[in-house]
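So the structure is just underneath, and the comments pick up after that.
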Amino acid sequence: MKLLMIYCDRFTFVPSQKTLENEPDITDGGEIKDAVIGLIHAETFDEKDPGRAEKKLIKNLKWGARKNDSKRIVLHSFSHLAETKADAEFTRELLGRASQRLVNAGYDVWQTPFGYFLDLDLQAPGRSTARIFASF
């Protein structure tokens, strides 16, 4: 798995292009302030041990949120960080489980629309903890 975390003072998204036909039609976007945005790329080998992938994803997101003094996390499927990618259904389910576990741990969590390219607008401060990459 690859995870790029960007702390944003402001993050907005609007669905632009649907890439997975089985996903519902979504036109509404959203705006979240003071949050860690997790750009998440699940790889094929993550499917062999989903528990490990989920545990490490949650651990890293919590760490990134603590480093930025935030309890707000956005999960965004971003399959552009590695050469291989997990099956879409696996990734959707992984994000859903991770979201629920983060909520149970006291975080405010959002997920961007799955299966869409999005128009993104973000404001991120220029400090080292605002951009963190992890590969596991």
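The values are calculated or read from the model by the stated rules, or taken from the named source; none is laboratory data. Keep in mind that this is a model prediction, so the values were computed, not measured. Positions of Cβ are backbone-derived with ideal geometry, glycine not excepted, and every protein chain shown enters the neighbour counts.
Summed over the stretch 1-25, residues that are over 27 Å from PHE136 (Cβ atoms), surrounded by 15 or more Cβ atoms within 10 Å (Cβ to Cβ) and out of contact with any Phe, Trp or Tyr (no Cβ under 7 Å at 6 or more places or on another chain) total 2. State whether the residues of the stretch 83-102 include one that is under 25 Å from ARG131 (Cβ atoms) and among the acidic types (Asp, Glu). Yes; the residues of the stretch 83-102 include at least one that is under 25 Å from ARG131 (Cβ atoms) and among the acidic types (Asp, Glu). Does PHE133 satisfy the criteria of being within 14 Å of the chain's Cα centre (by Cα), modelled with pLDDT of 95 or more, aromatic (Phe, Trp, Tyr) and in a loop (DSSP other than H, G, I, E, B)? Answer is no for this residue.
Annotation note: of LEU94, LEU102, the sole residue that is under 15 Å from MET5 (Cβ atoms) and in contact with a helix residue (DSSP H, G or I) (Cβ under 7 Å, 6 or more places away or on another chain) is LEU102. The residues listed here are GLY106, GLY51; of these, the one that is on the phi > 0 side of the Ramachandran plot, over 14 Å from the mean Cα position of the chain (by Cα) and exposed (fewer than 13 other Cβ atoms within 10 Å of the Cβ) is GLY106. The set of residues from the stretch 109-128 being aromatic (Phe, Trp, Tyr) and either surrounded by fewer than 16 Cβ atoms within 10 Å (Cβ to Cβ) or closer than 12 Å to SER16 by Cβ (or both) comprises TYR116, PHE117.
Pairs only if they're at least six apart or on different chains, beta carbon under 9 angstrom, first in the stretch 75-86 and farther than 15 Å from LYS18 by Cα, second at pLDDT below 95 and in a loop (DSSP other than H, G, I, E, B); list them, first residue then second. Every condition considered, the pairs that remain are LYS85/SER79; ALA86/SER79.
One line per residue, one yes/no per condition, for (1) assigned to a strand (DSSP E or B); (2) modelled with pLDDT under 95; (3) small (Gly, Ala, Ser):
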residue: GLU31; (1), (2), (3): yes, no, no
residue: ALA35; (1), (2), (3): yes, no, yes
residue: PHE45; (1), (2), (3): no, no, no
residue: LYS55; (1), (2), (3): no, no, no
residue: ILE58; (1), (2), (3): no, no, no
residue: ALA65; (1), (2), (3): no, no, yes
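Residues of the stretch 74-112 being polar (S, T, N, Q) and within 22 Å of GLY29 (Cα to Cα), which ones? Scanning the stretch 74-112 gives SER77, SER79, THR91, SER99, GLN100, GLN111, THR112.
Looking across the stretch 78-98, just one residue is exposed (fewer than 15 other Cβ atoms within 10 Å of the Cβ) and among the β-branched types (Val, Ile, Thr), and that is THR84. Among the residues making up the stretch 28-46, those that are more than 15 Å from GLY96 (Cα to Cα) and surrounded by fewer than 22 Cβ atoms within 10 Å (Cβ to Cβ) are ASP28, GLY29, GLY30, GLU31, ILE32, LYS33, ASP34, GLU43, THR44, PHE45. For the stretch 61-75, residues that are surrounded by 19 or more Cβ atoms within 10 Å (Cβ to Cβ) and either touching a Cys at 6+ places or on another chain (Cβ under 9 Å) or within 13 Å of ALA134 (Cα to Cα) (or both) total 3.
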